[in-house]
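The values are calculated or read from the model by the stated rules, or taken from the named source; none is laboratory data. Note that the structure is predicted; figures quoted are calculated from it, not measured. For neighbour counting, all protein chains shown are included, and Cβ atoms are generated from backbone atoms with ideal geometry for every residue, glycine included. When the accessible area is computed, the model is the full protein with side chains, heavy atoms only, and any ligands, DNA or RNA have been set aside. Shrake-Rupley method; radii C 1.70, N 1.55, O 1.52, S 1.80 Å.
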Amino acid sequence: LRIFNDPRSMHPMNHPIHLHGERFLVVARDGKPNPYLVWKDTAIIPVGSTVDLIIDLSNPGTWMLHCHIGEHVESGMMATIRVDAS
């Protein structure tokens with residue numbers, strides 16, 4: 001999953017992006033490989049940056065992906081990821 005934090009947005013700031021029920025690795029920031037691979041459920045996306053994630057989708061369910069700032073969730077900065085059991 002590639003996330004770009006557009007500096008031209010209405011409210012440019014760093015966003016702590018959080019994923020429920022699954023985990024991910026931050027594999028690159030702004031096209032540069034991350035040598036420190038650690039499983040996470042939250043990552044800061046700096047203003048103007050692009051972050052590449054590899055998500056471990058092994059836990060079936062419908063999971064919320066969102067900015068961890070409450071007002072941003074209320075304004076729609078969220079998505080759901082559905083993982084089917086196989």
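Values for this structure:
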| item | result |
| --- | --- |
| Whole-Hz couplings from phi, Karplus 6.51/-1.76/1.60, listed for region 15-20; x for Gly and Pro | 10, x, 8, 10, 10, 7 |
| Chymotrypsin sites (Phe, Trp or Tyr not before Pro) within region 1-85: DSSP coil, no more than 13 neighbouring Cβ in 10 Å | TYR36, TRP39 |
| Cβ charges +1 (Lys, Arg) and -1 (Asp, Glu), total dipole of the chain, debye | 220 |
| ASP56 paired with SER9, simple spin-label distance in nm, labels 7 Å along Cα-to-beta-carbon | 2.7 |
| Leading residue at positive end of dipole, the chain (Cβ point charges), from GLY31, MET77, ILE55 | GLY31 |
| Solvent-accessible area, 1.4 Å probe, carbon plus sulfur percent, for the chain | 58 |
